[in-house]
1. For segment 44-54, what are the residues that are surrounded by 15 or more Cβ atoms within 10 Å (Cβ to Cβ) and over 21 Å from the mean Cα position of the chain (by Cα)?
2. Condition first: under 32 Å from the mean Cα position of the chain (by Cα) and either part of a loop (DSSP other than H, G, I, E, B) or more than 15 Å from residue 91 (Cβ to Cβ) (or both). Now tell me which residues in segment 55-67 satisfy that.
3. Of these, 188, 183, which one is in a strand (DSSP E or B) and either in the same structural domain as residue 237 (by TED's automatic domain parsing) or within 25 Å of residue 225 (Cα to Cα) (or both)?
4. From the list 179, 196, which residue is in contact (Cβ under 8 Å) with a residue 40 or more places away in the chain and crowded, with 17+ Cβ neighbours inside 10 Å?
5. Which of the residues belonging to segment 69-89 are more than 28 Å from residue 59 (Cα to Cα) and either assigned to a loop (DSSP other than H, G, I, E, B) or touching a helix residue (DSSP H, G or I) at 6+ places or on another chain (Cβ under 9 Å) (or both)?
6. Return yes or no: is residue 222 touching a strand residue (DSSP E or B) at 6+ places or on another chain (Cβ under 9 Å), within 18 Å of residue 145 (Cβ to Cβ), in the same structural domain as residue 153 (by TED's automatic domain parsing) and buried (at least 17 other Cβ atoms within 10 Å of the Cβ)?
7. Among (1) closer than 14 Å to residue 231 by Cα; (2) in contact with a strand residue (DSSP E or B) (Cβ under 6 Å, 6 or more places away or on another chain); (3) surrounded by 14 or more Cβ atoms within 10 Å (Cβ to Cβ), which single condition is residue 164 missing?
8. In this structure, does residue 205 turn out to be under 27 Å from residue 152 (Cβ atoms) and modelled with pLDDT under 95?
């Protein structure tokens, strides 16, 4: 009679084999930070940038953490990760302009407690150097709040108007664009790309010679690379010679002076334009000198 030996095999071996097979099937590529560069931020403006990662040897459930190994993030910016999610992003509102270089260290930790091995743990690390530039929140200023020009039909286009543009917080790269609401492209501005402090020339093209008497509106828009912008309204008054009729109130002025005494007091002369509902700029010329002049 042959004896038969019986044996029991623990299910722990099967479970460990399954875990090993799962690890072998899982990607063996280390965790990497795919993002290569960071777009600049603007001081005082919210900043949000998801960081792209790939690879990792640990399972996809765990906790994401981070630290700065060297350098420093811009004040107001931090690395944020949702709970139990393998994601990282730079978020916040930078407060101070400058170039900030730092070494970013991302950590993904997987931890599982099993009845057979209570200390199963896996950690992925990724390290990369970055520079984040924070630009000053610049504002643009112009020496002209608006431009009003009168053009009389049958004449050459009006002369160009000079506009000076300055910026706070140092030089700013500018782009300049002229647009009109009606009448075609009668307005222009140059140069179209410049750096503050800048002098712009707002000009009128030959298209004004084809405009009928009326009031036309346009604008010159100046935009800085950091996002600041400035708009200068432009009004063009097109009139014909028959439209301009001046009226003075009173019709004449009379002064009485006594030799050796003080000059007579000043008097006011009001000038109005009839038949045209627009504003004009006039030049007054004295045809004869005063008695004491």
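1. Matches in segment 44-54: 51, 53.
2. Within segment 55-67, 67 is the sole residue that qualifies.
3. Result of the check over 188, 183: 188.
4. 196
5. Selection gives 72, 73, 74, 75, 76.
6. Yes; evaluated as a whole, the condition is true for this residue.
7. (3)
8. So residue 205 does not fit the description; no.
The values are calculated or read from the model by the stated rules, or taken from the named source; none is laboratory data. Computed from a predicted structure; not experimentally measured. Every residue, glycine as well, gets a Cβ built from its backbone with ideal geometry; the counts of neighbours run over all protein chains shown.
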